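The values are calculated or read from the model by the stated rules, or taken from the named source; none is laboratory data. This is a predicted model, so every value here is computed, not measured. All Cβ positions, even for glycine, are placed from backbone atoms using ideal geometry, and neighbour counts span all protein chains on display.
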Amino acid sequence: MRTIKTQLALAAFALLPALSQAAPEEFTIEPGHTYPSFETAHMGLSFWRGKFDKSSGKIWLDRAAKTGKLDITIDVTSVNFGLAMMDTQAKGEHFFDVEKYPTATYHSDSITFEGDVPVAANGQLTLRGITKPVPLKIVHFKCMMHPMFKREICGADARAEFDRREFGMTRDIVPTDPNVRLSIQVEALRGAELPPMPTPEMLLKMQSPPGVAPKS
């Protein structure tokens, strides 16, 4: 009996390091403060600059092990150049072809840290049904307690660049500059679910000085 107890104790002791390691922390992207934008050359004449109005996803950070992963989904139908004609062209078959491919995704199982700060993600972009490696460079990262939601929020600014010909977008290409440059502003709240988001009316009321009614 003593031998069995001793073996069980040794087994439990061996598990202690694994049990003591903190689990990866899950963050949910806050779409109201996340802004994927991009630019690409147009026939050598000018640059098209647009953004996507709808995105969602999860980020997991293991700050003790200095690693992490992320899964992002972009609603490509929400592409927005601020010009209706350009939006229509971008949604067509020569570009994003949103009828066949309404979403784009980015998945990474590898986040690189320098010290305590993530500085890069090595992942795969799926666009127009084609998956290619596209590394992300994280140029800014900060976490803090959110003053409204009373939970941790992390924000980052990430950059990436890829050749759009690799994803089947060859129309109006500039051979000397075929790349798309991405800039991704993202904020994510810790937890598996987002709390109820404030309405525009609530935000306006919060921003009004005490005793001053918000403008209608």
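Residues checked against (1) at pLDDT 95 or above; (2) in a loop (DSSP other than H, G, I, E, B); (3) not charged (D, E, K, R):
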{"residue": "69", "(1), (2), (3)": "yes, no, no"}
{"residue": "74", "(1), (2), (3)": "yes, no, yes"}
{"residue": "94", "(1), (2), (3)": "no, yes, yes"}
{"residue": "107", "(1), (2), (3)": "yes, no, yes"}
{"residue": "113", "(1), (2), (3)": "yes, no, yes"}
{"residue": "120", "(1), (2), (3)": "yes, no, yes"}
{"residue": "134", "(1), (2), (3)": "yes, no, yes"}
{"residue": "137", "(1), (2), (3)": "yes, no, no"}
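Only one of 161, 152, 187 is in contact with a helix residue (DSSP H, G or I) (Cβ under 6 Å, 6 or more places away or on another chain) and at pLDDT 95 or above; which? One residue alone meets the criteria, 187.
If you go through segment 158-194 and keep only what is under 13 Å from residue 29 (Cα atoms) and either among the charged types (D, E, K, R) or surrounded by fewer than 16 Cβ atoms within 10 Å (Cβ to Cβ) (or both), you end up with 185, 187, 190, 191, 192, 193, 194. Among the residues of segment 76-88, the ones that are in contact with a Lys or Arg (Cβ under 9 Å, 6 or more places away or on another chain) and assigned to a helix (DSSP H, G or I) come to 3 in all.
Considering only residues in segment 34-67 that are touching a residue at least 60 places away in the same chain (Cβ under 8 Å) and not in a strand (DSSP E or B), the one that is nearest to residue 197 (Cα to Cα) turns out to be 34. The set of residues in segment 122-132 being touching a helix residue (DSSP H, G or I) at 6+ places or on another chain (Cβ under 7 Å) and assigned to a loop (DSSP other than H, G, I, E, B) consists of 128 alone.
Each row is one residue, and each column tells you yes or no for (1) of a type outside the set (D, E, K, R); (2) touching an Asp or Glu at 6+ places or on another chain (Cβ under 8 Å); (3) over 15 Å from residue 38 (Cβ atoms).
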residue: 96; (1), (2), (3): yes, no, no
residue: 114; (1), (2), (3): no, no, yes
residue: 129; (1), (2), (3): yes, no, yes
residue: 136; (1), (2), (3): yes, no, no
residue: 144; (1), (2), (3): yes, yes, yes
residue: 176; (1), (2), (3): yes, no, yes
residue: 191; (1), (2), (3): yes, yes, yes
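Scoring residue 87 on the criteria (1) modelled with pLDDT of 95 or more; (2) more than 21 Å from residue 187 (Cα to Cα); (3) out of contact with any Phe, Trp or Tyr (no Cβ under 6 Å at 6 or more places or on another chain); (4) not polar (S, T, N, Q) leaves a single failure, condition (3). One residue stands out among those in segment 90-128 that are small (Gly, Ala, Ser) and either under 17 Å from residue 59 (Cα atoms) or under 19 Å from the mean Cα position of the chain (by Cα) (or both): the one that is surrounded by the most Cβ atoms within 10 Å (Cβ to Cβ), which is 121. Contact map, segment 155-174: first residue more than 10 Å from residue 136 (Cα to Cα) and assigned to a helix (DSSP H, G or I), second residue modelled with pLDDT of 95 or more and of a type in the set (A, V, I, L, M, F, W, C), Cβ cut-off under 6 Å, separation 6 or more or different chains; pairs are 164/180; 167/127; 167/130.
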